[in-house]
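First comes the structure, then the notes that go with it.
Please treat every number below as a calculation from the coordinates, not as lab data. Just so we're clear, the structure is a prediction, and the values are computed from it rather than from any experiment. Methodologically, a virtual Cβ is constructed for each residue, glycine included, from the backbone with ideal geometry; neighbour enumeration extends over all protein chains shown.
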Amino acid sequence: MALITCQDLALGYEGRRILSGLSFAVHAGDYLCILGENGSGKSTLMRTVLGLQPPVSGEIRMDDGLHAKGIGYLPQQTAIQKDFPASVWEVVLSGCQGSCGMRPCYTKAEKQRALDNIQSLGLAPLLRRCYRDLSGGQQQRVLLARALCATSSLLFLDEPVSGLDPKVTAELYALIRRLNHEQGITVIMISHDVGAALHYASHILHIGETTFFGTKEAYLRSGLARRFTEGGEAE
């Protein structure tokens, strides 16, 4: 069974549709990139799947062992969020809140999970640093570690390299690929970077005036990738 199945999904706000007839499935181990021009509904799709807003119509089914609170989510950052006055340790540990329920304190196991993710992502030297004093790339690693505290199976990433320089962008893409390949974490990533999508992804979901879902190889054969990168659909 797929981790997530969306069937004949329509997205929008207050009943107004911005996208209709969307069907796709995500299986364990997939690396799905969601592409499309600005305003096509990419972030709306992610928020809908996460249960942050209802679909206009259609169905979203999740595997019995998966629920929205158990999905690691790395949203786009706002300027206010980048100035958050907390330590790296506090930010990462907060990713365990979904498993706390009504408990007022974190368990020893939750603290160990946070520490393991900090070490895995090379953040141990920054443990007591203030989050707002970090570089953009360091902040994204901290938020990725936080997202990993919420899940061991599925990550949702919304433009994770936005605003980063090319070197840091390449490092973050490589890190996400390692999580997918070596740890088997399923990745769903919104991106404007078609080149990166075609390099790293196993599957592509392209939404907008034209909708496509399939393997990376099928996307290349469709010709849609060329039209999109040349500006035909992005204009």
Original post:
Which far-off residues, 5 or more places away or on another chain, put their amide H under 5 Å from the one on residue 35, with H placed in the peptide plane?
Top reply: 205, 206, 207
Original post:
Considering only the chain, what is the antiparallel percent among its DSSP beta bridges, to the nearest 5?
Top reply: 50 percent
Original post:
Amide H neighbours of residue 17 under 5 Å, counting only residues 5+ apart in sequence or on other chains, H built in-plane at 1.01 Å?
Top reply: none
Subject >> For the range 40-57, 3J(HN,Hα) per residue [Karplus equation, 6.51 cos²θ - 1.76 cosθ + 1.60, θ = phi - 60°, Hz, x = Gly/Pro] >> reply: 6, x, 4, 5, 5, 4, 5, 5, 5, 5, 6, x, 7, 8, x, x, 5, 6
**OP:** May I have the extent of the alpha carbons of the range 77-150 along their three principal axes, as whole Å values ordered from largest to smallest?
**Re:** 32, 24, 17
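Take every DSSP beta bridge whose two residues both sit in the range 131-235, then give the antiparallel share in percent to the nearest 5. Don't skip to the end; give the middle numbers.
Values: 4 of 9 bridges.
Expressed as a percentage, antiparallel bridges in the range 131-235 total about 45.
Using the C-alpha gyration tensor of the range 107-146, what are the square roots of 5 times its eigenvalues, in whole angstrom, with the largest one first? Let's see the in-between values first.
Numbers: eigenvalues 68, 19, 14 Å².
Each semi-axis is the square root of five times an eigenvalue, giving 18, 10, 8 Å.
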Subject >> Most fluctuating residue given options 30, 158, 83, as computed from a GNM of the chain linking Cα atoms under 10 Å >> reply: 83
Original post:
What FRET efficiency comes out for the pair residue 127/residue 63, r = Cβ-Cβ distance, R0 = 30 Å, nearest 0.05?
Top reply: 0.30
**OP:** Pop the C-beta distance of residue 83 and residue 222 into the FRET formula with R0 = 45 Å and round what comes out to the nearest 0.05.
**Re:** 0.60
**OP:** Can you put 209, 217 in order of Cβ neighbours within 10 angstrom, beginning with the fewest?
**Re:** 209, 217
**OP:** Determine, for 181, 192, 203, the number of other Cβ atoms within 10 Å of each Cβ, and report the residues in order from fewest to most.
**Re:** 181, 192, 203
Original post:
Sorting 111, 216 on the 10 Å Cβ count, fewest up front, what's the list?
Top reply: 111, 216
